[in-house]
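Here the structure is laid out as structure tokens; the discussion comes afterwards.
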Amino acid sequence: MDDNWRPIRSTRGVLKLVSFGTTPTPVPTSLVEALIANGEQRQEQPAENLYFRAGEQVEIIDGPLSSLSGVFESAKGDERVIVLLNLINQQQRVELSSRQLRRRES
């Protein structure tokens, strides 16, 4: 029987189905529950860390660019942002997770 997996694959956040060959494989319920719990913990972070205004000074707090400061340019979807950084004496647009930023202390 050929199942239509397209609605699942086109769901926001779904990269691909867990499968061996062309057949999707069931995932243990305990793994699904752990992933849901992890997502709920992330949502509990204060909203002030997730939303920024254009032109606002921000600091990168995670990842390879950690400790650099820049200017928030815009949101790109729900969890990605564009930040302007001065790298090698040129302003560069860098896409990051909004969770990698915090407002820069004045």
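The values are calculated or read from the model by the stated rules, or taken from the named source; none is laboratory data. In this text, all values refer to a predicted model and were calculated from it rather than measured experimentally. Every residue, glycine among them, receives a Cβ derived from its backbone with ideal geometry; neighbour counts consider all protein chains shown. These accessible areas exclude ligands, DNA and RNA; they are computed on the full protein's heavy atoms, side chains included. Shrake-Rupley method; radii C 1.70, N 1.55, O 1.52, S 1.80 Å.
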Can you tell me which residues in the range 81-102 are at pLDDT 90 or above and either of a type in the set (Lys, Arg) or open to solvent by 90 Å² or more (accessible area, probe 1.4 Å) (or both)? Asn86, Gln90, Gln91, Arg93, Arg102
Candidate set from the range 40-54 (those that are surrounded by 10 or more Cβ atoms within 10 Å (Cβ to Cβ) and at pLDDT 70 or above); member that is farthest from Ser97 (Cα to Cα): Ala54
Taking the criterion of being modelled with pLDDT of 90 or more, of a type in the set (Phe, Trp, Tyr) and in a strand (DSSP E or B), would at least one residue in the range 57-76 satisfy it? yes
Consider only pairs whose beta carbons are under 7 Å apart and that are at least six residues apart or on different chains; among these, list those whose first residue lies in the range 57-79 and is farther than 15 Å from Arg99 by Cβ and whose second residue is at pLDDT below 90 and not hydroxyl-bearing (Ser, Thr, Tyr). Gln57/Arg104; Ser69/Arg104
Could you tell me whether Glu33 is over 30 Å from Asn89 (Cβ atoms), modelled with pLDDT of 80 or more, surrounded by 10 or more Cβ atoms within 10 Å (Cβ to Cβ) and of a type outside the set (A, V, I, L, M)? yes
